[in-house]
Amino acid sequence: MSDVRPLIEAAIRDKGSEAKLAMACKVSQAAINKAKKVGRCSPRLAVKIEGACGISRRLLCPEFFGTSSFPAGLTELSA
């Protein structure tokens, strides 16, 4: 299981604080803090952070969403 703490911290920096990220994701500040502390993100929270900050749910929760099935050099946006 990968540690996604740096991604969660980047989302927090993007919004300015844990509380502001929590408001943008419509979750509690405690949920953001817990994800940061354990270095893991639930699939539900991954989707919410993706919507709020643009960080891919696949990066935040790879054990659930897996990795991209696109060939090297080809992304969803350039397809």
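Among the listed residues I55, I32, which satisfies the condition of being assigned to a loop (DSSP other than H, G, I, E, B), at pLDDT 70 or above and in contact with a Leu (Cβ under 7 Å, 6 or more places away or on another chain)? Spell out how you get there, then give the answer.
On the way: I32 fails: assigned to a loop (DSSP other than H, G, I, E, B).
Result of the check over I55, I32: I55.
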**Prompt:** Quick check: is even one residue across the stretch 18-38 at positive phi, without any contact (Cβ under 8 Å) to a residue 60 or more places away in the chain and open to solvent by less than 40 Å² (accessible area, probe 1.4 Å)?
**Reply:** no
**Item:** Number of the condition not met by S42 [criteria: (1) closer than 17 Å to F64 by Cα; (2) surrounded by 17 or more Cβ atoms within 10 Å (Cβ to Cβ)]
**Value:** (2)
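The values are calculated or read from the model by the stated rules, or taken from the named source; none is laboratory data. Every value quoted in this text rests on a predicted model; they were computed, and no experiment measured them. FYI the Cβ positions are ideal-geometry reconstructions off the backbone, even for glycines, and counts take in every protein chain you see. Note: areas computed on protein heavy atoms with side chains; ligands, DNA, RNA excluded. Shrake-Rupley method; radii C 1.70, N 1.55, O 1.52, S 1.80 Å.
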